[in-house]
1. Would you mind counting up the charge near Ala62? Only other residues with Cβ under 13 Å from its Cβ, with Lys and Arg at +1 and Asp and Glu at -1.
2. What does the C-alpha gyration tensor say about the overall shape of the range 56-201? Classify as rounded when a/c is under 1.5, otherwise prolate if a/b is larger than b/c, or oblate.
3. Considering every pair of different Cα atoms, what Kirkwood radius, in Å, is found for the chain?
4. GNM on the chain, C-alpha springs below 10 Å: top fluctuator among Arg131, Arg34, Arg90?
5. Round to the nearest 0.05 the FRET efficiency obtained for Cys180 and Cys144 when R0 = 41 Å and r is the Cβ-Cβ distance.
6. Remind me, relative contact order of the chain in percent, using alpha carbon pairs under 8 angstrom and six or more residues apart?
7. What does the charge count near Ala270 come to, summing +1 for each Lys or Arg and -1 for each Asp or Glu among other residues with Cβ under 13 Å from its Cβ?
8. Given labels modelled 7 Å from the Cα in the Cβ direction, how far is it in nm from Val134 to Asp89?
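Bear in mind these aren't lab numbers, they're just calculated from the coordinates by the rules spelled out. All of these numbers come straight from a predicted model, not from anything done at the bench. Positions of Cβ are generated from backbone atoms using ideal geometry, with glycine treated the same way; all protein chains shown enter the neighbour counts.
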Amino acid sequence: MPALTDPIFAPVGIAHLTSDNVDLLRAAAAGRRRLRVTTAAQLNGNPHIGTVVTILTVFALARHAADRLDLPATVIFDALENAPAERVDRDGEIYTRTVGDLIESGHTSHAERFRGFEQVLTWASQAAGIRYEVRPYTVYQALCPVRECLHHIGARLEEFRPIVAPADGVVRIRPRCPQCRLMEKSASSLRISAGPGVVHLDSRCPDHGPYRASIPVDGSDGWYDANTPVRSIQKGYLLAYERDQYDACSVSVDGADWGGAWHAHVLAPALATLGIPVPDWPISVFTPLIVDRSGGKLSKTLYVRHGAYADLPDLFLDLNTLIRRHGTDILTTLWDEVCRWAAEPRRLHRHYSVDHLAEIIHSAQPARAARLRSA
Ligand SMILES: [Zn+2]
């Protein structure tokens, strides 16, 4: 029986078309001057091993593509501080405040929310020799192409409802109360309307009554929270725009849960509805999911809130524990692995179990110990 570190690779569709993952970028990169590789994460605390592996894979793919295509690469990390961080129940209606709101009000700190991500980004950037930029959500939501896309959606709500909200038709582009920052989660009082160069968002606060947030397309003012499908579509639109803005091949690298059904039912139909020519679509590359023993995506929320994975070592759920137990050498071990994923289609287009990662980490331990002794 083969060892876990020598997995069996079942042939999958896309791996038959490519001999190297960079084949998927080749046409979009032709004649371009650089690669812009974008990824994103919600700043909801200390990253777990799935997030760490995704970030490392993003940099490994950027390095590999830069070498093969002979183009400079930059990684853009969208740091989503609009993740919900506080839930408030008012007469059965749920309102939220975001991580960014709690940072501003001093209830949490940017360092506390970002430190773990920064550690992995800095490490991966050095390992790959690829620079990176962090783009907070506040900056992202105000970018002109992102606002332009918002306006298209706001002006054509009936076309976008079945794409972004197939269950209830509610397009969730939410404002927050200008006085207390409460945001209505259900968006049931929300009214969206598009005027010349502006999107109006009308809502109501349980404490301060009705209010209107006006979001100018030129990005000069305003803030709104776009929920996941809206944000995903805006990102596709932005990356298509950035091809010309930066003379770049725009690549979006995300976990495999953004491929498959999401790409087929949300992103692809939305880009087509927006009329973006196919050659301008950003290249989407999906990193392997790290799955639990039942084959589900490893989820910190499930672990923390619902006590799932009771038999899983806590080092898999928390970067600090991982590094405290194994030192930053653990990142080198994972890096060596993801560099193979970055190059070979059969290693990229699949999932890996936490047990497989455990095997890799443990099998690297003797070599690490020897290195430490000789240092
Ligand atoms: Zn209020």
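1. Values: positive: Arg34, Arg36, Arg63, Arg68, Arg131; negative: Asp67, Glu133.
Value of the local net charge: +3.
2. Oblate is the answer for the range 56-201, as a/c is 1.5 or above yet b/c matches or exceeds a/b.
3. 22.1
4. The residue that fluctuates most here is Arg90.
5. Given R0 = 41 Å and the Cβ-Cβ separation, E is 0.90.
6. Numbers: 589 pairs, mean separation 83.5, N = 375.
Relative contact order here is 22 percent.
7. That works out to +3.
8. Label-label distance for Val134 and Asp89, simple model: 3.5 nm.
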